[in-house]
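Here is the structure we will look at, set down as structure tokens.
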Amino acid sequence: ARTAADAAMLDLGFPLFVKPLAEGTGKGCEKASKVRDPAALAAAVDRVTRQFAQPALVEAYLPGREFTVGIVGNGAEAGIIAVLEIVMADSAHEDVYGLLNKEECETRVRYLLADDAQARQAGTVALAAYRALGCRDAARIDIRSDARGRPHFLEANPLSGLHPTHSDLPILASLAGWSYDRLIGAIMAAACARYGLALPKAGSRRAA
């Protein structure tokens, strides 16, 4: 939606969630993003379009569990590293996985490896989305469940952050027992295989 008038024409039931169309690290996601009536929807769309100078993405609000799924590889060879459940801590800001909570994730967010039936279904949805979108080498897929516990695709992060201790993909890999070197090596191996190249040996350098 580019304007509040656009949003008013959407045939979606409340509650809804409003966020910027193309932002990262939770920018624009806050308590006011969850809207329950037309007036709140108009205000949220106006806030996003003014603050971020881009259209607002309006989608059904999903009240269930939130997952992010790390995937590495290409096509049929792609595989799941782990399914990570994101839980807001008592100290979280506004109980939304937004910018402040991500920036201060060490104290505001609990990251839990998940392997129950719903989490495995989330992984299945994520892997199907990864392949359907043509993601390459590695990505992180965000999933959230509805009120009945059914996981739904939210968005793909094909350029996931790789900060060793602060980005979601390395965090989930670490919790799954992967070293940072193993994660980077797996991404490099997938890229080299895609281009038909041999994976460089550790310590090797190309001559100038």
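Which order do MET9, MET188 fall in if you start with the one that has the fewest other Cβ atoms within 10 Å?
So the residues, fewest neighbours to most, are MET9, MET188.
Which of the aspartates and glutamates could be linked to LYS31 by a straight reach, that is with a Cα gap under 14 Å, when you skip same-chain ones fewer than 8 residues away?
Output for LYS31: GLU94, ASP95.
Read the figures in this text as sums done on the coordinates, not as results from a lab. Note that this is a predicted model, so its numbers are computed, not measured. Here Cβ is always computed from backbone atoms with ideal geometry, including for glycine, and neighbour counts include all displayed protein chains.
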